[in-house]
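Below: one structure, written as structure tokens.
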Amino acid sequence: MSWRSEHIWIEVITGSRKLSNFFWALVVFLGSLGFLVVGTSSYLGKNLISFFPSQQILFFPQGIVMSFYGIAGLFISSYLWFTISWNVGSGYDRFDRKEGTACIFRWGFPGKNRRIFLRFLLKDIQSIRIEVKEGIYARRILYIDIRGRGTIPLTRTDENLTPREMEQKAAELAYFLRVPIEVF
């Protein structure tokens, strides 16, 4: 989602609150809960799950391994849920030609550097870069090259834009900022 006027360009960046992240966090949670219940039922020797008899699984070594997978899965699931609740990676890009400034803001993990805020002058922007890697895992990322700071990614690595969409987005931003486009 973006908003543009004659002098200001604001691009809102979605973070980790995506439908796919909710899906995988739920799948990992339910799967790890299942492993933990089966491991616990094999330890107790009781059927905690009625459709799966615990007598078929010995606690040593299968029950221990299933309990370990269940606990590990709960840790991974809680990491995913915390990442979603903190909305890591969300933020905005703001380019203002009237003031001659650019601001890039992202939310990170809690701590000292939770708020990632970069502010620089538009005259320091050297170019817009497009990195294209084709193959099984195709990757197209849009970068902004800033004098003295290197390159800063503007799009997420998992944002699967078609080559035409990426070129159009890069061309519009380069035209707005009045800088050249480089392709790598």
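Derivation of every value follows stated rules applied to the coordinates shown; laboratory data play no part. Everything quoted here is computed from the prediction, not taken from an experiment. Note: ideal-geometry Cβ built from the backbone for every residue, glycine included; neighbour counts use all protein chains shown.
So which of Lys123/Lys169; Lys98/Lys133; Lys112/Lys133; Lys18/Lys98 end up more than 25 Å apart, counting from Cα to Cα? Too far apart for the 25 Å limit: Lys98/Lys133; Lys112/Lys133; Lys18/Lys98. With the convex hull of its Cα atoms as the shape, region 20-86 has an orientation-averaged projected area of 4.5 nm². For the chain, the calculated P(r), taken from all Cα-Cα distances in 5 Å bins from zero up to the bin holding the longest distance, is 1, 7, 12, 13, 13, 11, 9, 7, 6, 6, 5, 4, 3, 2, 0 percent. Looking at region 56-109, what % of the alpha carbon pairs are farther apart than 12 Å? More than 12 Å apart: 74 percent of the Cα pairs in region 56-109.
Centre-to-centre, using Cα atoms only, region 1-65 and region 121-152 are separated by 35 Å.
In a DSSP loop and with at most 11 other Cβ atoms within 10 Å, the trypsin sites (Lys or Arg not before Pro) in region 47-111 are Lys98. Applied to region 16-29, the Karplus parametrisation 6.51 cos²θ - 1.76 cosθ + 1.60 on θ = phi - 60° returns per-residue 3J(HN,Hα) values of 8, 7, 10, 4, 5, 5, 4, 4, 5, 5, 5, 5, 5, 4 Hz, with x for Gly and Pro. Treating each Cα of region 70-139 as an identical point scatterer and summing with the Debye formula, the log10 of I(q)/I(0) at q = 0.11, 0.15, 0.19 Å⁻¹ comes to -0.50, -0.79, -0.93. Take the chain and mark each of the GluC sites (Glu not before Pro) that is in a DSSP loop with at most 13 other Cβ atoms within 10 Å; the longest unmarked stretch, sites excluded, is 7-98. Whole-Hz Karplus values for region 90-104 come out as 7, x, 7, 10, 10, 10, 10, 6, 5, 7, x, 10, 10, 10, 10 Hz, taken residue by residue from phi with 6.51 cos²θ - 1.76 cosθ + 1.60 and θ = phi - 60°; glycine and proline positions read x.
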